[in-house]
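See structure below.
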Amino acid sequence: MRVVPALVTGALVVAGLIAPAVPAAAGDPGDFPGVRNILPPGQSGSIDVLDAVGAEVGGTTPENFADQLEMYDALNHADLGSLTGADLSDYYKDAPLTITDAEAVRVAHPHDGVTVRWDSYGVPYIEGATREDAAWGSGWSGTLDRMFLMDVLRHAGAARAAEFLGPDPANVEMDQEQLRSAFYTDEEAEQQVEETASRYGAEGQRLLDSLDAFIAGINAAQQQLCPAVVAGPHCPAEYAALQKVPQPWTRADVVRVASLVGGIFGKGGGAEFANARWLQQLQAQLGDDEGRKVFDDLRFADDPGAPTTASTPAPYGGGPVDPTLPGVALPDLDGPTAPGTGSDAGGGSVPLPTEGSLDGRMGPDASPFTLAGPNGPIDLGAMADGMSNAALVSAAHSADGHPVAVFGPQTGYYAPQLLTEQAVVAPGIRARGVSFAATNLVVELGRGTDYAWSATSAGSDNVDTVVERLCDPDGGTATVDSEGYLADGRCVSMDRDVHEETALPNAAAPGAPQTYRFLVLRTAHGIVQLRTTVHGEPVAIVLQRSTYGRELDSVVGFERLGNPDHTKDAASFATAVSAIDYTFNWFYADDRDIAYFSSGLLPHRADGVDPSLPRWGDAAYDWQGWLSADEHPQQVNPPSGYLVSWNNKPAPQWAAADDQWGYGPVHRSLAISDRVADEVGQGGVTTASLVSAVQGAATVDSRAFYTLPYLLDVIGDDPALADATALLRGWLDRGAHRIDQDRDGSYEDQAAIALFDAWWESGGDGVAKDLLRGTLGDLVDQLPQRLDDHPRQGLGSSWNGVAWYGYVVEDLAGLTGQDAPAGWSRNYCGGGSLDRCRSDLRASLGRAVDGVLAAQGVSSVDRLTYDKHTDDIRHVAAGVVGVRPIDWQNRPTFQQVVEFSGHRPR
């Protein structure tokens, strides 16, 4: 859909943006150098009418819109073996905390007590006379760069995407999903802010004051960019396309953006409903005992062979599944159902919601997080599946005697980026880094005066599926349509709301105006997802999330991270991140220490419940308080000399959340930890050598590298497959990379890549399913776990948390007498017979060879080709202008390279 003509037609003239430059104080000499970073495509993200015309007619993008994209892409074909510290400036920009007027490209004084300077990359350096002044400057400058994207996020967080973006089915589905995750009335969202401030006393009041200043800065920038009722040429062009007028921000808007981001990244669990269905299917076919054994085998709840970040144990959860416990409630497989939240509340225009979060499958296909934007789909699911990585080496193993770190969040690829960068200096804050747009009151990931920090998603279990017994408050017979539930033996009415929005058509979403009325049902435990039966009796299925109603509390932890008066060392870092309720793995480096802490408001569960299965909503089975800080996974300067995370298991004995079945013997984190272990073993690690190690892992097909040795060893020497196995072994010997090193347009090992991709997906949906099918038959098709996490999704991030990779290794290791730490109850391939397994795998590879040769019309496997652009990273255009695709690499969206050589007096 071309919308630029509409933008030009709707344009009006508005006032200029930047105040004249004035002298400013020099940078603080107490700020220590030692950090570089990169955030593609670029910092500038607001596109006005003239920018849109330039992009449409001349193919140009505004300054700083995409100036970091080429640097980011270039590292993908650098010679990593000869990379030096001096080379890093080609791939990363310097990241100081302050710059002078002379170093700035432009300077503004938009408010009393606020100075903003921009560097050549468009990054704002905000200085405030007070913390509130700095917050005002963050709101103002962040809005200049992300105004329309911020508006998209607040409407999506409020379940009003259709109202803002138009009556497209994708927007309606997104609104349904958000209502099912984080519905709040306006009053509830506002009240959350007051409750957070009250919980944290004086610290909370300072946060409240800063939040109000931040919102005032946002509104000042909006008024500056869009002073007229009809959008003008300095107003983001998307408003003219959508025929919308930007509205002032409130506290509730910030809460809703936080709920959206936290609901995607900062949670784990909630898949007990899907687990219960799978267990009952197993038991129906195999019997109760055997079904439970198979469930435990494939669950990988606490596999001692899974790679972990910390080496010190942190016991939490785990144990064999037990559906006979009194607190367990198993929904009937074929019981009647009635929809819950997100369903039609009258009007007939709302389709039935999907099972969404109840599905149990990871990845962008699990929940409908795609919006229909003014220039095409805006896939927020991409950030849900992004995940992040971190590699830190302790001082004892570095060349200079100081820790080295390369880390960053993987939040998907957008234009403009969902993350926004800033440097902020004021009393109570000295920090530079990134935050999600509209949450940049604080710096969420970045650096301080003499330390840096980052995070990966932990996905620890803070969401449970609760089963409420339905009743009729009027005394009648309960059915699945009832809106009452038993609480402490009394029948009480559910909290019932109707969420209404009117969506008007626009150039991107044509059609007739639509009014949607969504039903919202809540119990004391949370939001009702659907209604069904247990043993024939009607029940409601509810998701209880520990952070629901407390979305803003985590800001306190972020505020502490950026405050040099609080964060001074590894111990104070831990107290900062322990206040973050969302489930993240946090990493810290200064000139002496590396540290790790896994955060989250995580419940102690009652006796009588099983963490993998739904529980009754009776008071006896409610959460029994929270894990203390000491009970969380954590470590400082580990004996190994390094810390690595790529969303793998946090620590030994830390059981996986019920939706995470991928903590088996194969995890993509091995691609980094294997390389870092080699570097540490050699000693003398530098920033360049650590960048090389992490980037080397970024192009590895981890699925192939860690499963192929077992598959090929079992297949053995089969003359009929000799060419195929030789091709795959050659690729494996070269590291199983998916890379076009010389940029000639093709992957170096494209033939092997084409063959292995076909094999993983051939036969009965792929070799992994062929392997288990020898015992489980068609049951493998019901297992609620995705088969793959392939680069073809266009997200960059790949190979994350897929249980099937581990199934291949665990089963074949056990079958061939090798170490298989999980201790499965049986071997599955070939029904437990090595000879039958070998026959099955040979047949599986043979089918794949025949299929891919026929599909490509070639006669030998070495002539196979693979279009590398299938894997390209495709930035989601969140507005009217996009950027070019880049070659695939499995790498953080924002990445820091850290080595401090000095520190404040300790």
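A few notes on this one:
- Qualifying positions in region 462-477 - part of a loop (DSSP other than H, G, I, E, B) and in contact with a Phe, Trp or Tyr (Cβ under 9 Å, 6 or more places away or on another chain): ASN462
- Single condition PRO167 does not satisfy, out of (1) surrounded by fewer than 24 Cβ atoms within 10 Å (Cβ to Cβ); (2) not in a helix (DSSP H, G or I): (1)
- Number of the condition not met by GLY526 [criteria: (1) on the phi < 0 side of the Ramachandran plot; (2) touching a Leu at 6+ places or on another chain (Cβ under 9 Å); (3) among the small types (Gly, Ala, Ser); (4) modelled with pLDDT of 95 or more]: (1)
- Here is the figure for region 484-525: residues that are in contact with an Asp or Glu (Cβ under 9 Å, 6 or more places away or on another chain), in a loop (DSSP other than H, G, I, E, B) and buried (at least 16 other Cβ atoms within 10 Å of the Cβ) total 7.
- For region 79-89, the criterion of a residue being without any contact (Cβ under 8 Å) to a residue 12 or more places away in the chain, among the β-branched types (Val, Ile, Thr) and loosely packed, with under 15 Cβ neighbours inside 10 Å is satisfied by no position.
- Residue list for region 601-639, restricted to those being aliphatic (A, V, I, L, M) and within 22 Å of PRO320 (Cα to Cα): LEU602, ALA606, VAL609, LEU613, ALA620, LEU627
- Residue check for TYR72: within 25 Å of ILE886 (Cβ to Cβ), in contact with a helix residue (DSSP H, G or I) (Cβ under 6 Å, 6 or more places away or on another chain), among the hydroxyl-bearing types (Ser, Thr, Tyr) and in contact (Cβ under 8 Å) with a residue 12 or more places away in the chain: no
- Of all residues in region 490-502, none satisfies being touching a residue at least 60 places away in the same chain (Cβ under 8 Å) and over 36 Å from the mean Cα position of the chain (by Cα).
- Of residues in region 868-884 being of a type outside the set (Asp, Glu) and more than 22 Å from ALA509 (Cα to Cα), the one surrounded by the most Cβ atoms within 10 Å (Cβ to Cβ): ILE873
- Of all the residues in region 769-785, those that are in contact (Cβ under 8 Å) with a residue 60 or more places away in the chain, within 29 Å of the chain's Cα centre (by Cα) and surrounded by 21 or more Cβ atoms within 10 Å (Cβ to Cβ) number 2.
- Failed condition for SER860, given (1) surrounded by fewer than 19 Cβ atoms within 10 Å (Cβ to Cβ); (2) within 29 Å of SER797 (Cα to Cα): (2)
- If the condition is being surrounded by fewer than 18 Cβ atoms within 10 Å (Cβ to Cβ) and of a type in the set (Gly, Ala, Ser), then region 189-215 contributes SER198, GLY201, ALA202.
- Residue satisfying condition, being surrounded by 21 or more Cβ atoms within 10 Å (Cβ to Cβ) and in the same structural domain as ASN800 (by TED's automatic domain parsing), within set LEU712, LEU728, LEU690: LEU728
- Entry remark, region 234-265: residues being surrounded by fewer than 20 Cβ atoms within 10 Å (Cβ to Cβ) and more than 21 Å from ALA156 (Cα to Cα) number 0 in total.
- Scanning region 100-115 for residues that are of a type in the set (D, E, K, R) and in a loop (DSSP other than H, G, I, E, B) yields ASP101, GLU103, ASP112.
- Residue match in region 760-768 (condition: surrounded by fewer than 23 Cβ atoms within 10 Å (Cβ to Cβ) and modelled with pLDDT of 95 or more): no
- When residues of region 438-472 are limited to those that are of a type in the set (Gly, Ala, Ser) and under 15 Å from the mean Cα position of the chain (by Cα), the one nearest to ALA589 (Cα to Cα): SER454
- Taken together, ASP811, ASP887 contain a single residue that is buried (at least 17 other Cβ atoms within 10 Å of the Cβ), of a type in the set (Asp, Glu) and not assigned by TED's automatic domain parsing to the domain that holds SER798, which is ASP887.
The values are calculated or read from the model by the stated rules, or taken from the named source; none is laboratory data. This is a predicted model, so every value here is computed, not measured. Don't worry about glycine lacking a Cβ; one is built from the backbone with ideal geometry, like all the others, and counts go over all protein chains shown.
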